[in-house]
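Enquirer: Would you mind keeping the following structure in view while I ask a few things?
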Amino acid sequence: MIKIHQLRKTFGEIEVLKGVDIAVDEGQVAVLIGPSGCGKSTLLRCLNLLEQPTSGDIEVAGKRLSFTPSSRVPERHQAAFRARTGMVFQSFNLFPHMTVIENVASGPYLNGLKNKAESRELAARLLARVGLAEKADLYPAQISGGQGQRVAIARALALDPKVMLFDEPTSALDPELVGEVLEVMQSLANDGTTMIVVTHEMGFARNVASKVIFMEGGHVIETGAPGEVLRQPKSDRLRSFLSRVE
Ligand code: ADP
Ligand code: MG
């Protein structure tokens, strides 16, 4: 479902991604771990084309884009590609002047995917899926951070992405609100959603991940089933990382 081949990204003189290869099958949950600054967010942003990769190939659900330093992918190709991925960030940035249901319904409506009534119907269904049907008419300021992040997940799902990308979705939340967001993510996983999740929640990695990918310094260092990678790390670097986060 996702293939990343020799992906490189430089900012000025600094090479942040140094030839990354990753494959995620349909329905798999890949948990991406690694020290701060190793390039995890940059990798997700490249997959979503929030950043233009410097070189390499990315493929999502059968559509491939190749990048070279000298050529730019045309904007219309980028837009079509970007729609294949839904992204959820640490800071969920709901529109404060819209109700919860309007936040979810606005994407498909503004993108012309659905009319107003259909968008609202879809939004109501997705809010029920993340357990927030009864909060539909509240404003973001009236709900908790955990609920806000669940709305952000529903908002991303409303655009019917092929894969979901999560960049530290629980890192900004009070500890007692983390569980409800992880539960929603686990239920998406159970429903067969293909996802890449950057997180420090090792319990989630152990229980939900199909594979764990450890990055450091712009490289993938180790990848495999959580039982192997987390219990029997091969490299000293991963061993030392795990001893710091667990
Ligand atoms: P992680 O998410 O693993 O903490 P990031 O992908 O955010 O790491 O960052 C990797 C490196 O790239 C960091 O050194 C960061 O400073 C650098 N970086 C990220 N975005 C930019 C940017 N827009 N311009 C310059 N450097 C950046
Ligand atoms: Mg990051």
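Derivation of every value follows stated rules applied to the coordinates shown; laboratory data play no part. For clarity, every value in this text was computed on a predicted model and none was experimentally measured. Heads up, the Cβs are rebuilt from the backbone with ideal geometry, glycines too, and the neighbour counts pull from every protein chain shown.
Enquirer: Which far-off residues, 5 or more places away or on another chain, put their amide H under 5 Å from the one on Met87, with H placed in the peptide plane?
Expert: Residues meeting the criterion, in which the H sits 1.01 Å from N, are Leu165.
Enquirer: Which one, Glu216, Glu183, Glu13, has the greatest fluctuation when you compute a Gaussian network model over the chain with C-alpha springs under 10 angstrom?
Expert: Result: Glu13 has the largest fluctuation of those listed.
Enquirer: Would you give the gap between the C-alpha center of region 167-232 and the C-alpha center of region 1-39, rounded to a whole Å?
Expert: Taking the Cα centre of region 1-39 as reference, the centre of region 167-232 is 15 Å away.
Enquirer: At 222 nm, what value in deg cm²/dmol follows for the chain if DSSP H runs of at least 4 each add -39500 (n - 2.57) and the sum is divided by all its residues, to the nearest 500?
Expert: My calculation for the chain gives -11000 deg cm²/dmol from helical runs alone.
Enquirer: How large is the charge dipole for the chain, taken about the Cα centre, if only the Cβ atoms of Lys, Arg (+1) and Asp, Glu (-1) carry charge, to the nearest 20 debye?
Expert: The dipole of the chain has a size of about 580 debye.
Enquirer: Could you pull out every residue, at least 5 positions away or on a different chain, whose amide H is within less than 5 Å of the one on Glu222? Hs are placed 1.01 Å off N in the peptide plane, and Pro or chain starts have none.
Expert: Phe214
Enquirer: Using a 7 Å offset from the Cα along the Cα-to-Cβ direction at both Asn111 and Asn190, what is the distance between the two label points in nm, to one decimal?
Expert: Modelled inter-label distance: 2.6 nm.
Enquirer: Follow-up question, since we're still on this one. Just going by the charge dipole of the chain, with Lys and Arg at +1 and Asp and Glu at -1 on Cβ, which of Ala158, Ala30, Ala61 is farthest out on the positive end?
Expert: Positive-most Cα among the choices belongs to Ala61.
Enquirer: Listing Met202, Met164 from the residue with the fewest other Cβ atoms within 10 Å to the one with the most, what is the order?
Expert: The fewest-first ordering by Cβ neighbours comes to Met202, Met164.
Enquirer: For the chain, what is the relative contact order in percent, using Cα pairs closer than 8 Å and at least 6 residues apart in sequence?
Expert: It comes to 26 percent, rounded to a whole number.
Enquirer: Looking only at Phe11, Phe95, Phe214, which one moves most when the chain is put into a Gaussian network model with springs between Cα atoms under 10 Å?
Expert: So, out of Phe11, Phe95, Phe214, the one fluctuating most is Phe11.
Enquirer: Right, here's the next one. Take Lys234, project a point 7 Å from its Cα along the Cβ direction, then tell me which residues of region 10-44 have their backbone nitrogen under 16 Å from it.
Expert: Flagged as within label range: 21-23.
Enquirer: Simple spin-label model, 7 Å along Cα-to-Cβ: Arg64 to Leu159 in nm?
Expert: 2.5
Enquirer: Using the 10 angstrom Cβ neighbour count as an exposure proxy, how do Leu65, Leu44 rank, fewest first?
Expert: Leu65, Leu44
Enquirer: I would also like to ask the following. Give a residue-ordered list of calculated ³J(HN,Hα) values for region 203-210 (Karplus: 6.51 cos²θ - 1.76 cosθ + 1.60, θ = phi - 60°; whole Hz; x for Gly, Pro).
Expert: Per-residue couplings from phi come out as x, 4, 4, 5, 8, 10, 5, 7 Hz.
Enquirer: Springs between alpha-carbon atoms under 10 Å, Gaussian network over the chain: tell me which of Ile58, Ile22, Ile213 tops the mean-square fluctuations.
Expert: Ile22
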